[in-house]
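Peer 1: Take a look at this one; I'll ask things after.
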Amino acid sequence: MPELPEVETVRKGLEQLVVGKTIAEVNVFWGKIIEQPEVDVFRHQLIGETITGVQRRGKFLIFKLTHWDLISHLRMEGKYEFHQQSDPLAKHTHVTFSFTDGSQLRYLDVRKFGRMTLVAKDQSANYRGILQLGPEPVVTDFHLVDFQAGLKKHHKAIKPLLLDQKLVTGLGNIYVDEALWEAEIHPEQPADTLSEKEVKKLYSAIIDVLARAVEAGGTTIRTYLNALGEAGKFQLSLNVYGQTGNPCPRCGTPIQKIKVAQRGTHFCPNCQRLKVPK
């Protein structure tokens, strides 16, 4: 958390708030947030840069600048807030970008896991964290035939395979659970044992769940707010995630929670049965 729908919602908010603004000063209060270059170099290279756009690739935000691409990964608790420079700093504020008009973008992160990287303009696609990502979960990029071929190469459980971002990007714990429920697939089912029908259902479920979550502004479970300070609404539509003990919306069986690849995993034991290959 945040996952793709939350990051996309943050991106949309940032586009409204900071595109066209020119950076006058950058302050970094927790140096480890800056992956590269050195903190002082990072600060000075950004002075005078104008934000021309905000893009997203998987769960990475990409600020398009006059001469640079600034790549930002929110990890578990990172978030951006927009303020006036005169506003007091909140606890856990680690980076501030002050603009020439007196406004300020602030990066906050309770756990300090988030990272920022500055790379040459239009070179974000070559950043190592982005290079390994699979296609975006939309029909123009994510192709059923490639997805099916990729699944056949792996005998590992389907849930951790989807979480590793290589077959399709953007799925985190919440949306994998939701997509697998929609497709009626057990989270521990070996990927290479899925039938053609199951693969098609899963493919459609991934696209559907993530599209609906983006439309709802993401999911607010604990602290997530978008760049405009608004909570997401997809938590109102969750079928299995966080629903332990509640009746399955499809069959009424109580939802169970287990551990899969060290992640809390929610599923319906009736609708999502683990199948032994014949």
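Peer 1: Identify, by number, the condition in (1) surrounded by fewer than 19 Cβ atoms within 10 Å (Cβ to Cβ); (2) without any contact (Cβ under 8 Å) to a residue 40 or more places away in the chain; (3) of a type in the set (S, T, N, Q) that Ser103 doesn't meet.
Peer 2: (2)
Peer 1: Something else now. Pull up region 70-95, narrow it to residues that are hydroxyl-bearing (Ser, Thr, Tyr) and touching a residue at least 40 places away in the same chain (Cβ under 8 Å), then point me to the one that is surrounded by the fewest Cβ atoms within 10 Å (Cβ to Cβ).
Peer 2: That would be Thr93.
Peer 1: Now for a different question. Looking at Asp192 and the list (1) open to solvent by less than 30 Å² (accessible area, probe 1.4 Å); (2) within 18 Å of Ala261 (Cβ to Cβ); (3) assigned to a helix (DSSP H, G or I), which single condition is not satisfied?
Peer 2: Among (1) open to solvent by less than 30 Å² (accessible area, probe 1.4 Å); (2) within 18 Å of Ala261 (Cβ to Cβ); (3) assigned to a helix (DSSP H, G or I), the lone unmet condition for Asp192 is (1).
Peer 1: Just give me the residues in region 226-263 being farther than 30 Å from Lys12 by Cβ and at pLDDT below 95, in sequence order.
Peer 2: Scanning region 226-263 gives Ala261, Gln262.
Peer 1: What's the total number of residues in region 77-109 that are under 20 Å from the mean Cα position of the chain (by Cα) and not in a strand (DSSP E or B)?
Peer 2: 3
Peer 1: Can you pull out every residue in region 39-65 that is closer than 29 Å to Val138 by Cβ, polar (S, T, N, Q) and either in contact with a helix residue (DSSP H, G or I) (Cβ under 9 Å, 6 or more places away or on another chain) or not in a strand (DSSP E or B) (or both)?
Peer 2: Result: Gln55, single match.
Peer 1: Additional query: Tell me, yes or no, whether region 118-135 has at least one residue that is part of a strand (DSSP E or B) and surrounded by 15 or more Cβ atoms within 10 Å (Cβ to Cβ).
Peer 2: Yes.
The values are calculated or read from the model by the stated rules, or taken from the named source; none is laboratory data. In this text the structure is predicted, and so the values were computed from the model without any measurement. Cβ: placed from backbone, ideal geometry, glycine included. Neighbour counts: every protein chain shown. What goes into the accessible areas is simple: the full protein's heavy atoms, side chains included, and nothing from ligands, DNA or RNA. Shrake-Rupley method; radii C 1.70, N 1.55, O 1.52, S 1.80 Å.
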